Amino acid sequence: MNLFYDDQHQVFKLDTPHTSYLMALADGKWLGHVYYGPRLEGTDVAWALALGTRPFTPEVLPNEQASFFDCYPQEYPAANAGDFREACLGVRTEAGQRDCLPAYVGHAFLPGKPALEGLPATSGGPEDCNTLQITLEDCRTGVRAELCYTAFTHLDIIARSARVINAGSGPLWLDRALSACLSLPYEGQRLLTLQGSWAREGQMQLAEIGHGEQGVFSTRGISSHQAQPFLALTSPDVTQERGEVWGMHLVYSGSFLARVQRDQHDGLRAVIGIHPQDFCWRLEPGEAFQVPEAVLVHSGEGLGRMTRTLHDLYRGHLIREPYRQRPVLINNWEATYFDFDEARLLKIARQAAALGVELFVLDDGWFGERHTDSGSLGDWEVNRRKLPHGLDGLAEEIKALGMQFGLWMEPEMVSPDSELYRRHPDWAIQTASRLPLRCRDQYVLDLGRPEVEEYVWAQISNILHSADITYLKWDMNRPLTDLGSAALPPDRQGEVAHRYLLALYRLQRRLVETFPHLLLENCCSGGGRFDPGMLAYSPQIWASDDTDAVERLSIQEGTAMLYPLSCIGAHVSDCPNHLVGRNTPFDTRAAVAMAGTFGYELDVTRIPEEERRQIPGQIARYRAQHALLQRGDYYRLASARDGGLDAWMVAEKDGSRALVTLVRVLCRPNRRRRLVRLHGLDPAGCYEDVATGRRYGGDALMQIGLPVDLPEADFQARQVELRRVEVK
């Protein structure tokens, strides 16, 4: 087992292949963080918790208890208990006072990894990982916290979660329940986050860490447009290949907090979890609250090692069917928007099928009186004027062309102009005093109410049973506001957002269990809910509503830093691009979209013939590389942010083949020929460029580099397939 408890020194140690995570007890009851970094052999490290020149614990120096907690690196700090830094746990009693100071009472070692009740999480059996459960308890209030630490045996991953239990005699209110806290000495680390907005998600940001607090957050009820639920602390010299990285990633799809604090003593405390704003959960005696999981990763080999570790974790221990073959699709949204009928859809489908497209996806506008985005959400009845033969008739026509049929839905929403809202206006999330704020002319259904959850399930289930639908795009197009529920008492209104998420997870779990062959793609106005929580149910997520190839470079660079390419939804769209008006070569658009699930979002009957002729070759190229893109190791080679060239590669784990993608954004005159160093190859191997027959030594490609032979023009791309060959 890779978990240890040193009873003599009261030290806990968790080992992964290259890292160790250590904790120790002060006075036998205060759980403190000692170390997280490159693997250590011994456990005699409790001395590292002596933060001053003499012992400083409450037992030894009882007249300075608050001073002890003010600087002690607690593993799961509580609020209002002498620790004035970020807290993980906040509990209020019936007296209205915040009162909780839990101490160690016991621990247990568990084989494998227990599931989290009601929440998505990574998984693993005894052959993959082991779990340490440490129990803390406050005997005065009855608050018990079960901290779970899972150490993976083949990956440098520590997964953390907590379960807060009311073991007392009266109700308690939990107003802060974060997932993880990490303490490090400040040694010049920088803070890495992903920020952005709609249509420009996933932008990498690296910042110096000054005294005070820095970080990212969401209070929108969704996770990822403005910031990814992730932070990393990096050594000052970090690159893709060098330097240390400590990463924290939250397996949750709602409001979150990811923050680092540099304190008065130059210590760093990083925390991640549910955002405390608008959160308060009532716990009756005997009840428990499950805190979402946080994934911790340490890399001693730069950002690239962190990336590949997370990719392997999510492919092997989170994503349902990660290696299922994904059909090349065409989506009609940017081709038609709401302006379509059955004849126009079939015209596009016939042309797409002739070109080799495998899945036709019908997007928004097929139901109710949905001619704009201002009505009919919640009324999931087929518009027979647009589709006289219904979804089943359209699906049969699509199948006859040799394609699968997919559908768009937005089941979490309701339009003010809908039969559903007219019947049940109280089903929308809202406060008692005013109508809810509109966004995209729609409201959010109160999924936390059982009758609303069941209605939504019935609508989804009826539609999927009504036709041969093999793919569902589940969309969600606005944040949560006006947090209130007509079904909850006053002291439970702080539960609305989290109850919403729990219902969403139940619905998606039910969906994939009832329709096991359905390919589910989540979407939230693009990447607004691109997070590990949603990835547990849908093996692919739409990365951004911005389909411009140049914009997508930075979006996909940031997204791929955390997530495998196989789950990044990416399409070839028309030009001029509908958002930014830019014209880019058709093949460049395809090369960029192949760093994802790959598909088309345009009217193939109206694009230039020269572009239409390229589609069969693009599909064949993607098909040939599909397994590699799903399973291979991803390496970031260059970033357009640093000089106009964007480059990445995917290599088989055994180094037998690789695909390198090079994209020049802006051409500059009179520049020296660029070479890009590759990674993940066999240094003793010989590699052949499949297109040209040119051969290179593996060591030369990694130490000298691959020539960047691109046309002298803007927005040019090239893909190079390399295969290891025998030299006779």
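The values are calculated or read from the model by the stated rules, or taken from the named source; none is laboratory data. Just so you know, these numbers come straight off a predicted model, no measurement behind them. Here Cβ is always computed from backbone atoms with ideal geometry, including for glycine, and neighbour counts include all displayed protein chains. In case anyone asks, the SASA skips ligands and DNA or RNA and just uses the protein heavy atoms, side chains included. Shrake-Rupley method; radii C 1.70, N 1.55, O 1.52, S 1.80 Å.
Bin all alpha-carbon pair distances of region 307-372 at 5 Å intervals from 0 and give each bin's fraction as a whole percent.
P(r) for region 307-372, in whole percents per bin: 3, 14, 19, 14, 11, 10, 12, 10, 5, 1.
Using the beta-carbon distance between residue 605 and residue 154 and R0 = 30 Å, what value does 1/(1 + (r/R0)^6) give for FRET efficiency, to the nearest 0.05? Don't skip to the answer; put the middle values down first.
Details: r = 50 Å, r/R0 = 1.65.
Efficiency for this residue pair is about 0.05.
Taking a cut-off of 20 Å between Cα atoms, list the lysines near residue 347, but don't count ones fewer than 8 places away on the same chain.
Partners within reach: 386, 399.
Give the distance, in whole Å, between the Cα centre of region 433-509 and the Cα centre of region 630-688.
Region 433-509 and region 630-688 have Cα centres separated by 43 Å.
Apply the Debye scattering formula to region 645-701, with a single equal point scatterer on each alpha-carbon and no solvent, then give log10 I(q)/I(0) at q = 0.20, 0.21, 0.23 Å⁻¹.
Debye intensities relative to I(0), on a log10 scale: -0.82, -0.88, -1.00.
What does the convex hull of the alpha-carbon atoms of the chain project to on average, in nm²? Don't jump to the answer; show the numbers that get you there.
Details: hull surface 133.2 nm².
Average projection, Cα convex hull of the chain: 33.3 nm².
Can you grab the distance from the C-alpha centre of region 520-549 to the C-alpha centre of region 323-364, Å, no decimals?
19
How many nm separate the modelled label positions at residue 115 and residue 509, each set 7 Å beyond the Cα in the direction of the Cβ?
Label-label distance for residue 115 and residue 509, simple model: 0.6 nm.
Quick one: how many Å² of residue 376 are accessible to a 1.4 Å probe, rounded to 10?
Approximately 10 Å² of residue 376 is accessible to the 1.4 Å probe.
Given Cα positions, please report Rg to Rh for region 211-284, the hydrodynamic radius being the Kirkwood one.
Rg/Rh: 1.05.
With viscosity set to 1.567 mPa s and temperature to 4 °C, compute the Stokes-Einstein D of region 391-466, Rh being the Kirkwood radius across alpha carbon pairs; µm²/s, no decimals.
Numbers: Rh = 14.4 Å.
Here the translational diffusion coefficient equals 90 µm²/s.
Please give the length that would be gained between residue 684 and residue 666 if that part of the chain were fully extended, namely 0.36 nm times their separation in residues minus their C-alpha to C-alpha distance (nm, one decimal).
Numbers: separation 18, 0.36 × 18 = 6.48 nm, distance 3.53 nm.
In short, 2.9 nm is gained.
Leaving out ligands and nucleic acids, and using a 1.4 Å probe, what accessible area per residue does region 660-728 come to in Å²?
Numbers: 4190 Å² over 69 residues.
Computed with neighbouring chains in place, this is 61 Å² per residue.
Given 10 °C and 1.306 mPa s, how large is the Stokes-Einstein diffusion coefficient of region 429-577 in µm²/s, with Rh as the Kirkwood radius over Cα pairs? Write down the numbers at each step before the final one.
Working: Rh = 17.1 Å.
D = 93 µm²/s.
Taking 0.36 nm per residue of sequence separation and subtracting the Cα-Cα distance, how much length would be gained by fully extending the chain between residue 493 and residue 725, in nm to one decimal?
On the way: separation 232, 0.36 × 232 = 83.52 nm, distance 6.45 nm.
Full extension from residue 493 to residue 725 adds 77.1 nm.
If one puts a single equal scatterer on every Cα of region 589-684 and applies the Debye formula without solvent, what log₁₀ I(q)/I(0) results at q = 0.11, 0.16, 0.22, 0.24 Å⁻¹?
-0.42, -0.82, -1.15, -1.22
How much of the accessible area of the chain, in percent, comes from carbon and sulfur atoms when a 1.4 Å probe is used? Kindly include the intermediate steps, with their values, before the conclusion.
Values: 13000 of 26770 Å².
Carbon and sulfur together cover 49 percent of it.
Which whole number of Å³ per residue matches the convex hull of the alpha-carbon atoms in region 165-306? It would help to have the intermediate numbers written out before the result.
On the way: hull volume 16.9 nm³, N = 142.
It comes to 119 Å³ per residue, whole-number rounded.
So if R0 is 45 Å, what FRET efficiency would residue 241 and residue 369 give, r being the distance between their Cβ atoms, rounded to the nearest 0.05? Intermediate results must be reported in sequence, preceding the final value.
On the way: r = 56 Å, r/R0 = 1.25.
Between residue 241 and residue 369 the formula returns 0.20.
Sort 357-366, 21-30, 91-100, 662-671 by the packing proxy (mean of other Cβ within 10 Å over each peptide's residues), most packed first.
Details: 357-366: 22.9, 21-30: 20.4, 91-100: 16.5, 662-671: 14.8.
Most protected by this proxy first, the peptides run 357-366, 21-30, 91-100, 662-671.
So what are the ³J(HN,Hα) numbers for region 105-111, from phi and the Karplus equation (6.51, -1.76, 1.60; θ = phi - 60°), rounded to whole Hz, Gly and Pro as x?
For region 105-111, the Karplus curve yields 10, x, 8, 8, 9, 10, x Hz.
Between residue 392 and residue 437, what is 0.36 nm times their sequence separation minus the Cα-Cα distance? Round to one decimal in nm.
On the way: separation 45, 0.36 × 45 = 16.20 nm, distance 3.63 nm.
Result for the pair: 12.6 nm of gain on full extension.
Using the 2.2 N^0.38 Å rule of thumb for compact globular proteins, work out how region 288-404 stacks up: its C-alpha Rg over that value, please. Could you put the intermediate results ahead of the total?
On the way: Rg = 20.8 Å, N = 117, 2.2 N^0.38 = 13.4 Å.
It is 1.55.
What residues of region 628-660 lie in the reach of a label at residue 206, counting those whose backbone N is under 20 Å from a point 7 Å from the Cα along Cα→Cβ?
Residues 634-649 fall inside that zone.
Can you list the lysines whose alpha carbon sits under 23 Å from that of residue 113, skipping same-chain ones fewer than 8 residues off?
Filter leaves 13.
What are the residues whose amide H is under 5 Å from the amide H of residue 676, where those residues sit 5 or more places off or on another chain and H is modelled from the backbone?
706, 708
List the GluC sites (Glu not before Pro) within region 623-728 that fall in a DSSP loop (any state other than H, G, I, E or B) and whose Cβ has at most 11 other Cβ atoms within 10 Å.
Values: sites: 652, 688, 712, 721, 726; in loops: 652, 712, 726.
The qualifying sites are 712, 726.
Can you tell me the order of 382-393, 640-651 when each peptide is scored by its average per-residue count of other Cβ atoms within 10 angstrom, highest first?
On the way: 382-393: 15.7, 640-651: 19.1.
Highest to lowest by the protection proxy: 640-651, 382-393.
For region 622-674, state the average projected area of the convex hull of the C-alpha atoms over all orientations, rounded to one decimal in nm². Don't skip to the end; give the middle numbers.
On the way: hull surface 18.3 nm².
So the mean shadow area of the Cα hull is 4.6 nm².
Between residue 127 and residue 624, what is the spin-label point distance in nm, taking each point 7 Å from the Cα along the Cα→C-beta axis?
3.5
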